[in-house]
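Mind looking over this structure? Questions follow.
All of the numbers you see were taken from the coordinates with simple rules; none came from a lab. Every value quoted in this text rests on a predicted model; they were computed, and no experiment measured them. Here the Cβ positions follow ideal geometry from the backbone for every residue, glycine too, while neighbour counts run over all protein chains shown.
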Amino acid sequence: MNQQTEAILKTCLSDYHWQHGAKIVDFAGWEMPLHYSAGIVAEHLHTRRSMSIFDVSHMGRIKISGKGAQSLLDHVCTRAIGSFTPGRSGYSLLCNEHGGVLDDVVISRFDRHWLMVCNASNREKVIQWLTQHAATFDAKIDDETFSTAMISVQGPQAVEYLDSVLPEPPSAIRRYHFQVQNYLIASFTVFRTGYTGEDGVEIICGKNVAQMAVGFLAKSGEDKPDGLKPAGLGARDTLRLEAGMPLYGHELTESIDPISAGLDWAVARDKPFIGSEAIETIRLRCPARLRVGLEIAGKRIARQGATIKNESGDEIGEVTSGTLSPSLQKVIAMGYVQREYVTVGTHVLVDIRGEAISASVVALPFYRR
């Protein structure tokens with residue numbers, strides 16, 4: 001495995017972020033751009049209207065190979081990984097024996113190996129978890145995070161634009177599929193995935209060509225109002241929240257199971273995996289709390305941990321994520337409430353700094369393209 005020992009990790013696109021006026025923050029031990037000079041709201045709206053480029057190189061990229069790679073993944077993943085054909089990707093969860101979520105990941109099947117993309121904050125935990133079980137299945141685990149870069153291009157114009165600049169058109173790639181492409185001496189992989197609620201791709205390439213690749217891709221944004229512009233973690237978070245997508249550490253933790261999180265669709269019922277018995281018990285008994293969307297009156301944002309109450313003032317849950325939606329111009333949030341309050345239209349109260357603010361349960365996602 002590759003290891004990097006400095007206290008704050010940097011992606012290979014660090015110079016690009018500084019050159020473009022990024023506000024840099026420490027995120028999960030990585031030096032990352034929160035936003036650029038335009039600001040979070042402008043970057044968010046540009047992504048919804050046109051297209052943006054994100055550095056997501058902080059996310060873990062783990063290669064799983066060997067004769068037992070598929071068996072290992074079927075053992076630790078909630079999805080039926082064995083049904084994947086080469087060229088396909090899929091969202092899955094890793095759970096502990098009690099059904100709690102260790103991480104949510106994207107698994108991709110290549111001809112001779114598999115690739116798992118995990119959250120930056122969980123990379124070491126996931127590697128340790130996979131390694132713990134790999135010997136039993138004759139599988140090899142390699143951390144490729146530091147030898148590669150990962151770039152995301154998202155927005156309604158993203159695929160059409162990339163059709164004009166990449167060797168092979170991404171429009172020919174189906175959603176949650178991928179293709180290995182070559183340009184001169186560089187090989188890279190184009191995945192039709194994303195985390196914004198928009199169409200687009202994520203590209204993994206070698207770290208030595210990352211700066212050149214971003215410069216090449218982003219050239220359309222230099223002098224065009226609707227060209228490809230850089231966007232940071234701030235916009236990525238508001239985009240995923242509008243799209244109702246869970247974030248690890250907020251909607252997902254080791255004490256939250258997939259059924260409560262509304263991710264039953266990502267849990268196979270026809271195979272055993274770590275946590276499957278506990279999850280089936282939770283499914284049969286029905287979870288005590290479920291994830292919901294909330295629309296909150298006014299302009300005050302409900303942050304993680306804010307208490308959700310019923311009309312009598314009794315505590316019934318808590319907020320996990322909240323923001324003022326740039327697209328909808330409404331305060332939105334996700335959280336967990338007791339199951340008798342999950343019906344769309346149910347009126348609740350959210351405690352925002354000591355004041356009970358009116359809110360309603362709404363359907364997820366908040367935004368659809």
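Among (1) under 30 Å from ILE53 (Cβ atoms); (2) surrounded by 23 or more Cβ atoms within 10 Å (Cβ to Cβ), there is one condition PRO258 misses while meeting the rest; what is its number?
Condition not satisfied by PRO258: (1).
Among the residues of segment 94-116 satisfying the criterion of being under 13 Å from ALA278 (Cα atoms) and among the small types (Gly, Ala, Ser), which is surrounded by the most Cβ atoms within 10 Å (Cβ to Cβ)?
This residue is GLY99.
For segment 50-95: of the residues being outside any loop (DSSP other than H, G, I, E, B), within 28 Å of ALA231 (Cα to Cα) and of a type in the set (S, T, N, Q), which is farthest from the chain's Cα centre (by Cα)?
SER52
Out of all the residues in segment 117-140, which are under 20 Å from the mean Cα position of the chain (by Cα) and assigned to a loop (DSSP other than H, G, I, E, B)?
Once the filter is applied, which keeps residues that are under 20 Å from the mean Cα position of the chain (by Cα) and assigned to a loop (DSSP other than H, G, I, E, B), segment 117-140 yields only ASN119.
To continue, here is another question. Please verify whether segment 293-304 includes one or more residues that are loosely packed, with under 15 Cβ neighbours inside 10 Å, out of contact with any strand residue (DSSP E or B) (no Cβ under 8 Å at 6 or more places or on another chain), touching a residue at least 40 places away in the same chain (Cβ under 8 Å) and farther than 14 Å from GLY317 by Cβ.
no
Could you list, in sequence order, the residues of segment 315-336 that are within 24 Å of ARG240 (Cβ to Cβ), surrounded by fewer than 23 Cβ atoms within 10 Å (Cβ to Cβ) and without any contact (Cβ under 8 Å) to a residue 60 or more places away in the chain?
GLU318, LEU324, GLN329, LYS330, VAL331
Let me spell it out: the conditions are (1) touching a strand residue (DSSP E or B) at 6+ places or on another chain (Cβ under 7 Å); (2) under 15 Å from SER152 (Cβ atoms); (3) not acidic (Asp, Glu), and TYR195 meets all of them except one. Which number is the exception?
Of everything listed in (1) touching a strand residue (DSSP E or B) at 6+ places or on another chain (Cβ under 7 Å); (2) under 15 Å from SER152 (Cβ atoms); (3) not acidic (Asp, Glu), TYR195 misses just condition (1).
Would you mind finding the one in GLU254, GLU277 that is among the acidic types (Asp, Glu) and part of a loop (DSSP other than H, G, I, E, B)?
After ruling out the rest, the residue left standing is GLU254.
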